[in-house]
Amino acid sequence: MPSSAPPAPLLPLPPLPHFSPSPIMSSPNPFLRALSSFFKFAPSPDALQETGVQSAIAEAETEAAVPLTAESDAPPVETKPRDVQVAEIGEGTTVLRSRTWDRLKFEVEYGRQKGTTANAYLIQADKTALIDPPGESFTEIFLAELQQHLDLSQLDYVIVGHVNPNRMSTLKRLLALAPQATVIGSKPAAIALRAVFAEETVQIKSIRGDEVLDLGQGHELRFVFVPTPRWPDALCTYDLATRILFTDKFFGTHLCDDPVLDENWKALDEDRHYYFDCLHAAQTRQVETALDKFATLKAKLYAPAHGPIVRYSLSRLTYDYREWSQQQQTKDLKVVLLYASAYGNTTAIGQAIAKGIAQTGVNVECVNCEFTDPAELTSLIEQCDGFIIGSPTLGGHAPTQIQTALGIILSTAPRTLLAGVFGSYGWSGEAVDQIEEKLKDSGYRLGFDTLRIKFKPTEETLQQCEAAGTEFAQSLRKAKRIRAPYQNPAEVQTDRTGQAVGRVTGSLCVLTAQQDDARFGILTSWVSQASFNPPGLTIAIAKDQTGELLAHPGEPFVLNILKQGKNLRRHFLKPPSLGDDPFEAIATETATNGCPILTNALAYLECTIQNLMECGDHWLIYAVVERGKVLDATGVTAVNHRKSALQP
């Protein structure tokens with residue numbers, strides 16, 4: 001229900017502070033030419049090339065530089081304006097949910113594009129505390145709404161669950177209106193705040209040990225320090241009076257809707273799991289430690305930074321977090337992703353890579369080297385199957401913490417481990433080159449082309465980073481099979497048979513289709529011509545790749561035959577799913593049958609399914625070719641060379 005506090009007079013808002021940009025064939029018949037290109041095998045595998053990363057100084061400039069497409073020319077879809085939803089969730093406790101119904105940012109965690117809420121909480125007793133003011137996207141509307149429920153001269157405390165540049169903008173505006181307020185955070189947060197407000201008189205208090213903040217009327221606030229690699233300053237707050245645990249980045253969901261509580265919690269499962277995978281799958285050890293600390297409290301509500309407040313599914317979601325964390329740790333392969341970040345850009349790149357790895361079923365652990373001692377780094381490196389290291393460039397070289405981590409790697413990690421390098425930079429980017437050179441000189445093999453991102457990563461570059469993570473994980477699985485231990489004679493014979501089957505090669509293709517408003521692309525090389533008249537093909541597709549897609553005769557699709565040396569393959573390494581659109585980052589046209597054509601492919605064939613047959617774990621599709629065209633007459637067909645039948 002809306003807060004009943006009397007409205008306070010609206011104060012004028014000071015101007016926004018200025019922040020610098022964050023310093024990562026011969027036939028004349030085109031149909032016959034397209035069909036023949038399918039069988040024009042190349043003598044070597046497809047050479048993947050890392051797409052050049054588009055530089056961006058600021059997000060606004062990046063958006064302005066994007067060329068118009070058919071989608072951008074279309075009239076904009078009308079959506080609800082941003083607003084602040086206010087409701088009472090406990091005695092003297094109000095939530096102010098700053099809402100956007102559109103995708104807030106292009107980071108991976110917002111990929112389901114269902115909007116989000118930035119939840120701030122106001123506790124009013126003898127003293128008043130505001131917990132977790134939102135980021136700068138909501139500064140204006142949040143402060144205007146806050147003043148309708150609180151005389152800012154009466155604000156005593158501002159509690160921050162974590163500190164980042166985005167939240168700092170709102171915090172500066174708020175403290176200009178309420179200079180008497182004390183800002184409370186963890187010790188790392190307090191250090192960061194003092195650096196930001198070095199030339200201003202701001203009261204900052206760091207929480208130590210088991211301190212209690214008494215607001216009166218039973219509202220005794222206790223604090224739980226829960227550092228993670230992504231948020232090393234993370235602090236949760238528990239109110240003894242209402243038994244509300246303010247969890248910041250734990251138990252959230254990027255979803256904008258009217259319900260304040262989670263009464264429809266069963267419908268939230270996929271969004272919650274996606275949120276966990278994006279934010280926490282790479283830091284599950286720290287998540288389990290946080291869960292252990294939360295278990296000592298008697299919370300009846302979780303009040304997260306995003307999405308609905310957790311009441312009806314508190315036990316279930318706690319169990320899910322524990323289960324998801326343990327699932328990550330029991331996987332047979334583990335990757336350690338080491339990084340340091342000066343402005344958050346390297347962190348964003350690392351999280352995108354980690355998500356790509358996690359999607360393949362490989363355990364990945366992100367490690368912020370700024371907050372990890374050398375002994376722990378050594379232990380993690382000794383236990384991993386592969387490692388990735390990311391660094392900003394500061395003064396022409398990597399930060400000291402990354403140099404230390406690199407030294408541990410070179411002295412500890414076997415040369416058989418798969419490696420990866422990434423980083424962001426502002427002007428020169430020497431650190432990334434230095435790390436790559438030392439790893440290569442030491443004999444490490446890289447699992448993806450080194451990623452160098454200038455300034456703030458864009459949506460396109462984050463998608464490339466996620467694809468690089470998927471590529472790394474698949475290379476790691478392949479390397480593990482090559483290094484398989486001794487097998488008994490029966491296993492050896494089976495393996496030899498698999499190796500022999502693996503010598504069957506095929507053209508590397510992307511099968512594209514349109515279902516309602518969603519576009520899908522499936523990478524395959526299990527394709528063969530099946531008939532002359534009518535011209536027909538057979539294609540084997542894994543059952544877990546298709547679902548209801550391509551499941552019925554009469555359905556159209558386009559078979560895009562890839563060209564050696566082009567970088568189209570990496571966009572389709574992971575299975576297709578709703579909400580993902582790998583076509584956003586590549587050039588396409590629409591075929592006569594309504595399906596996407598990859599304009600940088602060697603050739604394409606428009607096809608219609610005639611028959612399907614169930615073959616073990618695959619569907620065998622027979623399709624008739626309706627029309628086709630060669631797009632590059634001088635190109636060479638990309639071929640998928642395999643060493644085992646277990647490889648796709």
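If R0 is 45 Å, what FRET efficiency do you get for Thr505 and Arg103 from their C-beta distance, rounded to 0.05? That pair, Thr505 with Arg103, gives E of 0.65. With protein chains left intact and a 1.4 Å probe, residues in segment 114-264 average 35 Å² of accessible area per residue.
Proximity of backbone amide H atoms, modeled 1.01 Å from N, is registered between Ser186 and Ile207 at under 5 Å, excluding neighbours fewer than 5 places apart on the same chain.
In the complete set of protein chains, residue-level accessible area for Glu376 is approximately 60 Å², probe 1.4 angstrom.
With a cut-off of 15 Å between beta carbons, the residues surrounding Asp233 carry a summed charge of +4, where Lys and Arg count +1 and Asp and Glu -1. Rolling a 1.4 angstrom probe over segment 332-465 with all protein chains present gives an accessible area of which 47% lies on carbon and sulfur atoms. Over segment 140-226, the fraction of Cα-Cα pairs per 10 Å bin, rounded to whole percents and listed from the shortest bin up, is 15, 47, 34, 4. The Lys80 and Gln610 beta-carbon pair, evaluated with R₀ = 35 Å, returns a calculated FRET efficiency of approximately 0.15. Per-residue 3J(HN,Hα) values for segment 168-175, derived from phi via the Karplus relation 6.51 cos²θ - 1.76 cosθ + 1.60 with θ = phi - 60°, read 4, 4, 5, 4, 5, 5, 5, 6 Hz in sequence order (x marks Gly and Pro).
Accessible area ranking (1.4 Å probe, heavy atoms, ligands and nucleic acids excluded), largest first, for Asp258, Asp248: Asp258, Asp248. Placing R0 at 56 angstrom, the Cβ-Cβ distance between Asp214 and Trp427 gives a FRET efficiency of 0.65 after rounding to 0.05. If I take all pairs of Cα atoms in segment 305-402, what percentage of them are more than 19 Å from each other? Pairs farther apart than 19 Å: 54 percent. Distance between the modelled labels on Asp373 and Thr182, one decimal in nanometres: 3.1 nm (7 Å Cα→Cβ projection). When nucleic acids and ligands are ignored and a 1.4 Å probe is applied, His149 ends up with an accessible area of around 30 Å².
The values are calculated or read from the model by the stated rules, or taken from the named source; none is laboratory data. Being a predicted model, the structure only gives us computed values, none of them experimental. Every residue, glycine among them, receives a Cβ derived from its backbone with ideal geometry; neighbour counts consider all protein chains shown. Keep in mind that these areas ignore ligands, DNA and RNA; they rest on the heavy atoms of the full protein, side chains included. Shrake-Rupley method; radii C 1.70, N 1.55, O 1.52, S 1.80 Å.
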